[in-house]
Amino acid sequence: MNLSEIVDLACTGDLTQVRTLRCGECGGSLRIEYVEEQVAGAVYVECLDCKQRTGSRRLNSAPLWVGEFGKRVETTEIQNRGTG
Ligand SMILES: [Zn+2]
């Protein structure tokens, strides 16, 4: 999975999918961030190891995981959390 595919999944995936995402290049854990702007938001994904970073297209609503994990999460952090 390349980083733009990962960003797509981070926009549309369910909690389980987002939780298991890893960097396609190095397998590192990811920081996933939802940034709200005036009319729309966007998701940014950054690898904590190789520092690749990509942003999504604009979204009309926040992705599902924002309600569960908050606007800024690291995949290692949510993997260690239970399913609730
Ligand atoms: Zn990486």
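Every number in this text was worked out from the coordinates using simple rules, so none of it is lab data. Computed from a predicted structure; not experimentally measured. All Cβ positions, glycine included, derive from the backbone under ideal geometry; neighbour counts span all protein chains shown.
Here each label is just a point 7 Å from Cα along the line to Cβ, and for Y44 and T16 those points are 3.1 nm apart. Summary of the geometry: segment 8-30 and segment 54-84, compared by the centres of their Cα atoms, lie 10 Å apart.
Overall, the chain carries a charge dipole of about 60 debye about its Cα centre when +1 sits on the Cβ of Lys and Arg and -1 on the Cβ of Asp and Glu, all other atoms neutral. Dividing the helix sum by the residues of the chain, where each DSSP H run of 4 or more adds -39500 (n - 2.57), gives a mean residue ellipticity at 222 nm of -7500 deg cm²/dmol.
Can you tell me the length gained on complete extension of the stretch C26 to E74, counting 0.36 nm per residue apart and subtracting the Cα distance?
Difference between extended and current length: 15.7 nm.
Please work out whether the chain counts as rounded, prolate or oblate from its C-alpha gyration tensor, where a ≥ b ≥ c are the square roots of the eigenvalues and a/c under 1.5 means rounded, while otherwise a/b larger than b/c means prolate and anything else oblate? Since a/c reaches 1.5 but b/c is at least a/b, the shape of the chain is classed as oblate. Where does the charge balance sit around I32 when Lys and Arg score +1, Asp and Glu -1, over other residues with C-beta under 9 Å from its C-beta? Once all neighbours under 9 Å are counted, the net charge is -1.
Taking 0.36 nm per residue of separation and subtracting the Cα-Cα distance, what length does fully extending E5 through T54 add? Can you show the working numbers first?
Working: separation 49, 0.36 × 49 = 17.64 nm, distance 1.01 nm.
16.6 nm is the gain from fully extending E5 to T54.
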